[in-house]
Amino acid sequence: MSMVIDRPETEEREHPSAPFLRMDRIPHIWCPGCGIGVALKCFATALEESKVDLDKTAIVSGIGCSGRAAGYMKLDGFHTTHGRAIPFAIGLKMGRPELNVVVFSGDGDLVGIGGNHFIHTARRNQDLLVIMVNNFNYAMTGGQNAPTTPAPAKTSTMPYGNFELPFNVAHLAASCGAAYVARWTCLQVRRMTKSFKEALLKKGFRFIEVIAPCATLYARLNKLGLGLDLMRFYHENTEIRHGADTRDVAIGFQDKIICGKFVDIEKPTHSELMHAHYRKILGDRYMPTPPEGGMLRGKD
């Protein structure tokens, strides 16, 4: 005798990150094995866990694969021209100081074409969170050599191997004055999420590097396997060293990757220094418009 079992209709469930993403633009454009989506998911989780006011949080991206992040987040977002994500974000922060402004972009955009903006923003300790997904090349435009390409890795513009020394971006940020510097691979999702959450709740120039070699162009040219092979490499060759001297964390080709939180200090931001300076010089003649917008209005 057969027994009929009543089964409830399949319940449609919303993805946990859906409230933070523009789901009408999903699926995304990133390749299978790419770590950018992992970084974006960790950022969405950090937004939820940190309980920051989403109406007062803005995301700015430049051009490139990682630059598409601003278009996928359900936040006020700006997709700027190549290399100009940071100066746009500075203008936004200075005009609307109450906002929590995040820059989410790639290595070519931030420390290649936008390198000058990066170093001076860190020097000034501008109140921005900068998340840099390092995929070791200019992936969207064909896999050209980037300022982060390890030597002697191959790229489309250096088919015989890169002979230029790359930036150690963690050291660049720290030596220029960043208040927070961390690095994670896209395998370390819990640690990355925690780092994003810490940085969202901190003031000053905060820099987080996410290691995510391009699985299509960089990995293929260098015979590094598929995305899963890259994950295995991270698992076997990552060393977590909190507080490490950033001079010692340069990334070599298929060498050990030093990750961790390298810098976490308190120091006055650019805006705080500016207001303190003008109050000292001008006294009660200095009347910044609320909330601390920095507009000088005379009382004469």
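Assorted remarks:
- Trypsin sites (Lys or Arg not before Pro) within segment 192-237, DSSP loop, no more than 10 other Cβ atoms inside 10 Å: Lys223
- For Leu21, residues with placed amide H under 5 Å, excluding near neighbours: Lys74
- Cα-derived Rg over Rh, computed across segment 32-97 with Rh taken as Kirkwood radius: 0.98
- Legend: ranking of residues Phe136, Phe88 from fewest to most surrounding C-beta atoms inside 10 Å; resulting order Phe88, Phe136.
- Residues with amide H under 5 Å from that of Ile251, placed H, sequence gap 5 or more: none
- Here the gap between Lys202 and Asn116, fully extended at 0.36 nm per residue and compared with their Cα-Cα distance, gives a gain of 28.6 nm.
- The HN-Hα couplings worked out from phi for segment 235-249 by the Karplus form 6.51 cos²θ - 1.76 cosθ + 1.60 (θ = phi - 60°) are 4, 8, 10, 9, 10, 8, 9, 4, x, 4, 5, 5, 5, 9, 10 Hz, whole numbers, x standing for Gly and Pro.
- Over the chain, dividing the summed -39,500 (n - 2.57) contributions of all DSSP H runs of at least 4 residues by the number of residues returns a 222 nm mean residue ellipticity of -8500 deg cm²/dmol.
- Available extension along the chain between Glu98 and Arg279 is 63.2 nm, counting 0.36 nm per residue and deducting the alpha carbon span.
- Per residue, the convex hull spanned by the Cα atoms of segment 170-217 measures out at 76 cubic angstrom.
- Most mobile listed residue (Asp229, Asp264, Asp284) in the chain, GNM with C-alpha springs under 10 Å: Asp284
- Remark: Arg247, Arg279 ranked as Arg247, Arg279, counting other beta-carbon atoms within 10 Å and listing the fewest first.
- Ranking Leu128, Ile208, Ser50 by Cα position along the charge dipole of segment 29-267, where only Lys, Arg, Asp and Glu carry charges on their C-beta atoms, puts Ser50 farthest toward the positive end.
- In terms of Cα atoms, the Rg and Dmax of segment 59-202 work out to 15.0, 49 Å.
- Sites Asp248 and Asp24 - FRET efficiency at Förster radius 51 Å, r taken between beta-carbons, to 0.05: 0.65
- Each residue in Thr57, Thr81, Thr149 was given a count of other beta-carbon atoms within 10 angstrom of its own, and listing them fewest first yields Thr81, Thr57, Thr149.
- Karplus-derived HN-Hα couplings along segment 177-193 (A = 6.51, B = -1.76, C = 1.60, θ = phi - 60°), whole Hz, x at Gly and Pro: x, 4, 8, 8, 9, 9, 9, 9, 8, 6, 7, 8, 5, 5, 5, 4, 4
- The packing ranking, built from the mean of other Cβ atoms within 10 Å per residue, places the peptides 60-67, 14-21, 125-132 in the order 60-67, 125-132, 14-21, highest first.
- Rounded to the nearest 20, the size of the Cβ-charge dipole of segment 29-267 about its Cα centre is 140 debye, with Lys and Arg at +1 and Asp and Glu at -1.
- Stokes-Einstein D (µm²/s) once Rh is taken as the Kirkwood radius of the chain over alpha-carbon pairs, at 25 °C in 0.890 mPa s: 121
- Under the Karplus curve 6.51 cos²θ - 1.76 cosθ + 1.60, θ = phi - 60°, whole-Hz ³J(HN,Hα) for segment 223-233, x wherever Gly or Pro sits: 6, 9, x, 8, x, 5, 5, 5, 4, 4, 4
Here, each number is a calculation from the coordinates, and none is a lab measurement. Since we're looking at a predicted model, the values are computed, not measured. Don't worry about glycine lacking a Cβ; one is built from the backbone with ideal geometry, like all the others, and counts go over all protein chains shown.
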